[in-house]
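The values are calculated or read from the model by the stated rules, or taken from the named source; none is laboratory data. None of these values were measured; they are calculated from a predicted model. Counting neighbours? That spans all protein chains shown, and the Cβs are built from the backbone with ideal geometry, glycine included.
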Amino acid sequence: MPHPTKTPPAPKISDAEWTVMKVLWDKGASTVAEVVKALEGRLHWKPRTVQTLIRRLAEKGALAVETIGREFRYSPAVDQQHCQRDESRSFLARVFDGRLTPFVAGLVEREEVSKDDLTALRQMLAEAEKKLKK
């Protein structure tokens, strides 16, 4: 009987690289100049900084590179939800010993949580509980 293939871990992405990846996840395939333009007004990064971050992300396998004429177009090679899930697990393991309850408790106690967020959390917890009972 074949074993299900395990998804390889997402590449480790720095905070600055996350900023670039979010642009590419939102926009899709883009040139360095297009990413720089998308970040204008939000960050004071030089184009060279963005270019360096994109190069690093491509080296890590987070971005695919396509050559069109003399231009390079970069597109995400990793799924956003997969990266978020891996980063969340890593954060929980490092900061909360892998425990979700103290993390959520800290957010609820110290941050402003909207009524909509609380409703959504209740629904997610109810669904998770149903799955456990099956």
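For A93, which of the numbered conditions (1) touching a Ser or Thr at 6+ places or on another chain (Cβ under 9 Å); (2) under 16 Å from K12 (Cβ atoms) fails to hold?
(1)
I need a count of the residues in region 40-72 that are modelled with pLDDT under 95 and among the hydrophobic types (A, V, I, L, M, F, W, C).
Adding up the residues that qualify gives 3.
Search region 73-90 for residues being out of contact with any Ser or Thr (no Cβ under 7 Å at 6 or more places or on another chain) and among the hydroxyl-bearing types (S, T, Y), and hand back the single one that is modelled with the highest pLDDT.
Checked region 73-90; the qualifying residue modelled with the highest pLDDT is S75.
Tell me whether region 22-38 contains one or more residues that are in the same structural domain as A128 (by TED's automatic domain parsing), without any contact (Cβ under 8 Å) to a residue 60 or more places away in the chain and polar (S, T, N, Q).
no
Name the single residue that is surrounded by the most Cβ atoms within 10 Å (Cβ to Cβ) among those in region 77-134 being among the charged types (D, E, K, R) and under 30 Å from S30 (Cα atoms).
D86
Among the residues of region 26-70, write down those that are surrounded by 16 or more Cβ atoms within 10 Å (Cβ to Cβ) and within 14 Å of the chain's Cα centre (by Cα).
L57, A62, L63
Those residues that are touching a residue at least 24 places away in the same chain (Cβ under 8 Å) and within 20 Å of I54 (Cα to Cα), I need them from region 80-91; list them, please.
Listed by number, the residues that qualify are Q80, H82, C83, E87.
Which condition breaks for A10 when tested against (1) without any contact (Cβ under 8 Å) to a residue 12 or more places away in the chain; (2) in contact with a Lys or Arg (Cβ under 9 Å, 6 or more places away or on another chain); (3) not in a helix (DSSP H, G or I)?
(1)
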